[in-house]
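Please read the structure below before turning to the comments.
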Amino acid sequence: MKTPTEIKQDIETKFPGTQLTLEGSSLVIPKEQWSEIAKFLKNTPEYSFDFLSSVTGVDYKEYLEVVYHLYSMEKKEGPLTIKVRTDCEQSLVPSVTPIWRSAEFQEREAYDLVGIHFTGHPDLRRILMWEGFQHHPLRKDYVQDEQDRPVEQF
Amino acid sequence: MSAAKNISQVDEGLKSELQKSGIFVTTLEGLYNWGRRSSIWPLQFGLACCAIEMIATACARYDIDRFGAGLFRPSPRQADLMIVSGTVTKKMTPQVVRLYNQMPEPKYVITMGACSISGGPFKDGYNVLKGIDRYIPVDVHLPGCPPRPEALLHGLMKLQEKIDSQQIEKMEWYQKGLKREFPVPEFGPNGLNPPYNPDVFQPQQHREITVG
Amino acid sequence: MDYTLKETPTLETQMLEVSLGPQHPSTHGVFRMDVILDGETIVKLKPVMGYLHRNHEKLAENMTSYLASMPYTDRLDYICSMTNNFAYALAVEKLANLEVPERAQYIRIIMAELTRLVNHTLLIGFLLNDLGAFFTPVLYAFREREKILDLFEDVAGSRMMCNYFRFGGLKIDVTSDFIPRVRQIINKYPKFLDEFEKLLSENEILMARCQNVGVLPKELAISAGVTGPMLRASGVPYDIRKVDGYSIYNRFKFRVPIGEKGDVYDRYYMRLLEMRESIKILDQAIREIPDGEYISKVGAAGARAPRTFKPPKGDAYGRIEAPKGELGFYLVSDGTTKPYRYHVRSSSFINLTILEDMCLGHKIADAIVILGSIDIVLGEVDR
């Protein structure tokens, strides 16, 4: 498999003007171009990343981040880690459900627990908590109702 | 509570005389309780990991059927015992209370495992109910994570002892015109509404402990 | 998708909405399906989950150390606790660059393959329970499971929630009669599998109800992120034990069975074949197991004083081929003793994405069978 540096150069030549950065071995992609880059990664035969293994939402306190792990089942290669960042209030990230179907439930979970809105998702509603729940529990500033003892105590 | 045995008011000497001729004497209550405790039908209600141990108890090695409790009913209308096995989450609580309301009297509840007694290892979770005894009355608590099949059988035997000691005149479910229904909680914005049922559960009062 | 009711000249029909609710004898745990029916044919199906959401991920962020979340991983997929521990230990070892000694690697693989035997046996038992053979196959399955659980109890102290793996090795070495007992189990297991096959695989009812039901085409399976025996039954040769070669799996010779059509019968048969391959791996592992340490020095220090275990900053994703599919852990560390973010990628949750697609057009009794063949465990779906 090509190293992340080579993949970064390929994407920069194919989509001129995108600003990618490399952190460790993961690519940070700006959210505006994420949809097109995702289609490029899936459809080009020399990569053919056809298997989206995991979608995770993370809350760093200044920004929210979505982490994708991509594998290629045809070539038996991987993983490629991709991070997409967004702000905390109006967090909108393009959804990749039309490209990889496995993102459907995982993006709903990221919306439910971390509060990231995915534009273009066919059915974005809460999946693990009930419909009337009004907070996003996995954020760092979430406070529980009726706790017996403060959580940091131990 | 002391377990009452199938005692009859008749003299022991007379009893053994009659037994020799093939006549057995007992009280109506003893017979009634013996019938009820020897054929408790549980509701098929496994929530989480403890459910697998419950199924293992029903299988060949630990065989719950020899206690009469081997017939697990899928419908609550036909069951007498609800074994709450596994973590009760806040999303599931209204369904548990509704199921309890649908069971006909007399009904019993065994909470199996640490999670349904008090929340268990997941006690600090935002979606975990800290014990199902906040909403429905519980008869036998069974600790363990998960409790072994032998522990479940021990819990069942304790429940049988409790049934033996119940008396027909004093039990509330045998009085006329009884309608006992526990209110079903609703989903609130950050928890359940109400957080517990005051008729059934009182929260512990926290005391400030000062030293010196 | 628009659906129009069938036009009949004399009858007027309506669609019926049914909630196969959380308490149901054949959903495997607290899982709910909202179905819309036309007669008995399914028109739309939406799964509803979250009834067992136990906040595993949030709890792990507040635990005192990385090791404190190890008992919680047992309770994720509560039938196979050893493989869950394995995946977590692998992810942390990747994050902190820990080495694992040889003997520990062999014992880990023996435990993982024994767990695979337990899981597949139970699945066949429960699938037949769903088909209507009321409790008999479950009795056979649990009889075999009890023998393996006796082994786990002697080694780890508990039947189900073993908590046996540590970062860099294992908690304690195996007893001296462990290897002879494993040999005894694998000598008798093929006979039990033959008994199962004779009773089940050529059974008319099984074949009539399972063939051509719930067909999953190859492209949809790859796109939907399906992994495990379900993917291989649709014809995709992808097994993480062969692809990643984690731990020392590349030293063992075993084959990976691939199916053709992707219906329920293929998935059932896949598991039977996989059990036979697991027995081969166990056979090789018992012969080659060396003597040595069961935990590395760094790992032993970390296990003795868990609050001193501080992996370097960064993130890692470790995955294994659990009996149900791909189980992965994504960990983000910020240099302290607690993880900053801890995410579980569970196969049961993601395999449910295509439940609706597989069930459309079938009868409602088939939906139960299809759900049984996906092999879900609610502890993993809801975490």
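B:S118 fulfils the conditions (1) out of contact with any helix residue (DSSP H, G or I) (no Cβ under 9 Å at 6 or more places or on another chain); (2) within 14 Å of another protein chain (Cβ to nearest Cβ); (3) over 17 Å from B:A151 (Cα atoms) except for a single criterion, (1). Assessment of region B:136-148 against the conditions (closer than 22 Å to B:E181 by Cβ, among the aliphatic types (A, V, I, L, M) and away from chain C (no Cβ under 12 Å)) yields at least one matching residue. Scanning region B:32-53 for residues that are in contact with a Ser or Thr (Cβ under 8 Å, 6 or more places away or on another chain) and among the small types (G, A, S) yields B:G46, B:A48, B:A51. Tell me, yes or no, whether region C:127-136 has at least one residue that is surrounded by fewer than 23 Cβ atoms within 10 Å (Cβ to Cβ), free of Cβ contacts under 8 Å to residues at least 12 places away in the same chain and at the interface with chain B (Cβ under 10 Å from one of its Cβ atoms). Scanning region C:127-136 turns up at least one residue that is surrounded by fewer than 23 Cβ atoms within 10 Å (Cβ to Cβ), free of Cβ contacts under 8 Å to residues at least 12 places away in the same chain and at the interface with chain B (Cβ under 10 Å from one of its Cβ atoms).
Run down C:E274, C:E321, C:E288, C:E293 and say which single residue is buried (at least 21 other Cβ atoms within 10 Å of the Cβ) and more than 14 Å from chain A (Cβ to nearest Cβ). Can you show your working first?
Numbers: C:E321 fails: more than 14 Å from chain A (Cβ to nearest Cβ); C:E288 fails: buried (at least 21 other Cβ atoms within 10 Å of the Cβ); C:E293 fails: buried (at least 21 other Cβ atoms within 10 Å of the Cβ).
When all the criteria are applied, what remains is C:E274.
Would you point out the residue of region B:39-69, among those that are of a type outside the set (A, V, I, L, M, F, W, C), more than 8 Å from chain C (Cβ to nearest Cβ) and part of a helix (DSSP H, G or I), that is surrounded by the most Cβ atoms within 10 Å (Cβ to Cβ)?
Going residue by residue through region B:39-69, those that are of a type outside the set (A, V, I, L, M, F, W, C) are B:39, B:42, B:44, B:46, B:53, B:57, B:61-63, B:65-66, B:68.
Going one step further and asking which of them are more than 8 Å from chain C (Cβ to nearest Cβ), we end up with B:39, B:42, B:57, B:62-63, B:65-66, B:68.
Narrowing further to those that are part of a helix (DSSP H, G or I): B:57, B:65-66.
Values: B:T57: 25, B:D65: 12, B:R66: 9.
Per the criteria, the residue is B:T57.
Report whether or not B:Y126 is open to solvent by less than 40 Å² (accessible area, probe 1.4 Å), within 13 Å of chain C (Cβ to nearest Cβ), of a type in the set (S, T, Y) and touching a helix residue (DSSP H, G or I) at 6+ places or on another chain (Cβ under 8 Å). Yes; evaluated as a whole, the condition is true for this residue. Would you mind stating whether A:E74 is surrounded by fewer than 19 Cβ atoms within 10 Å (Cβ to Cβ) and of a type outside the set (S, T, Y)? Taking the combined requirement at face value, the residue satisfies it. Contact annotation: residue pairs with Cβ atoms under 7 Å, 6 or more positions apart or on different chains, pairing a residue in region B:89-106 that is more than 7 Å from chain C (Cβ to nearest Cβ) with a partner that is part of a loop (DSSP other than H, G, I, E, B) and hydroxyl-bearing (S, T, Y), are B:T93/B:Y135; B:V97/B:Y135.
Answer with yes or no whether C:E153 is surrounded by fewer than 19 Cβ atoms within 10 Å (Cβ to Cβ) and in contact with an Asp or Glu (Cβ under 9 Å, 6 or more places away or on another chain). Taking the combined requirement at face value, the residue does not satisfy it.
Criterion first (crowded, with 23+ Cβ neighbours inside 10 Å, basic (K, R) and in contact with a Pro (Cβ under 9 Å, 6 or more places away or on another chain)) does C:R103 satisfy it? Write out each step before concluding.
Working: crowded, with 23+ Cβ neighbours inside 10 Å: no; basic (K, R): yes; in contact with a Pro (Cβ under 9 Å, 6 or more places away or on another chain): yes.
Against the criterion (crowded, with 23+ Cβ neighbours inside 10 Å, basic (K, R) and in contact with a Pro (Cβ under 9 Å, 6 or more places away or on another chain)), C:R103 does not qualify.
Yes/no matrix, rows are residues, columns are (1) touching a residue at least 12 places away in the same chain (Cβ under 8 Å); (2) part of a loop (DSSP other than H, G, I, E, B); (3) crowded, with 23+ Cβ neighbours inside 10 Å; (4) within 11 Å of another protein chain (Cβ to nearest Cβ):
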residue	(1), (2), (3), (4)
C:Q14	no, yes, no, no
C:V30	yes, yes, yes, yes
C:L45	yes, no, no, no
C:K58	no, no, no, yes
C:T64	yes, yes, no, yes
C:A68	yes, no, no, yes
C:P71	yes, no, no, yes
C:Y88	yes, no, yes, no
C:E99	yes, yes, no, no
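Give C:V381, C:V377 a once-over and let me know the one that is more than 14 Å from chain A (Cβ to nearest Cβ) and of a type in the set (V, I, T).
Details: C:V381 fails: more than 14 Å from chain A (Cβ to nearest Cβ).
The match here is C:V377.
In region C:339-373, of all residues being part of a helix (DSSP H, G or I) and open to solvent by 10 Å² or more (accessible area, probe 1.4 Å), the one that is farthest from A:A103 (Cα to Cα) corresponds to C:A365.
Scanning region C:263-308 for residues that are polar (S, T, N, Q) and at pLDDT below 90, which turns out nearest to C:Y106 (Cα to Cα)? Here the answer is C:S296.
Could you list, in sequence order, the residues of region C:120-136 that are among the small types (G, A, S) and in a helix (DSSP H, G or I)? Steps first, please.
Keep residues of region C:120-136 that are among the small types (G, A, S), which gives C:125, C:132-133.
Listed by number, the list holds a single entry, C:G125.
Could you look through region B:178-212, keep only residues that are touching a residue at least 60 places away in the same chain (Cβ under 8 Å) and among the β-branched types (V, I, T), and pick out the one that is surrounded by the most Cβ atoms within 10 Å (Cβ to Cβ)? Among those that are touching a residue at least 60 places away in the same chain (Cβ under 8 Å) and among the β-branched types (V, I, T), it is B:V184.
When each of C:K218, C:K188 is tested for being loosely packed, with under 13 Cβ neighbours inside 10 Å and more than 23 Å from the chain's Cα centre (by Cα), the lone residue that passes is C:K188. Just one of the listed residues (B:M82, B:M112) is modelled with pLDDT of 90 or more, closer than 23 Å to B:L178 by Cβ and open to solvent by less than 10 Å² (accessible area, probe 1.4 Å), and it is B:M82.
Checked against (1) open to solvent by less than 20 Å² (accessible area, probe 1.4 Å); (2) of a type outside the set (V, I, T); (3) in contact with a Ser or Thr (Cβ under 8 Å, 6 or more places away or on another chain), C:G39 passes all but a single condition, namely (1).
Of the residues making up region B:70-86, just one is at the interface with chain C (Cβ under 8 Å from one of its Cβ atoms) and over 16 Å from the mean Cα position of the chain (by Cα), namely B:P74. Here C:Q23 clears all of (1) more than 30 Å from C:A303 (Cβ to Cβ); (2) more than 12 Å from every other protein chain (Cβ to nearest Cβ) except the condition numbered (2).
The values are calculated or read from the model by the stated rules, or taken from the named source; none is laboratory data. If you're wondering where the values come from, they're calculated on a predicted model, not measured in any experiment. No Cβ is skipped: glycine too gets one built from the backbone with ideal geometry, and neighbour counts run over all protein chains shown. Accessible surface areas use protein heavy atoms only, side chains included; no ligands, DNA or RNA. Shrake-Rupley method; radii C 1.70, N 1.55, O 1.52, S 1.80 Å.
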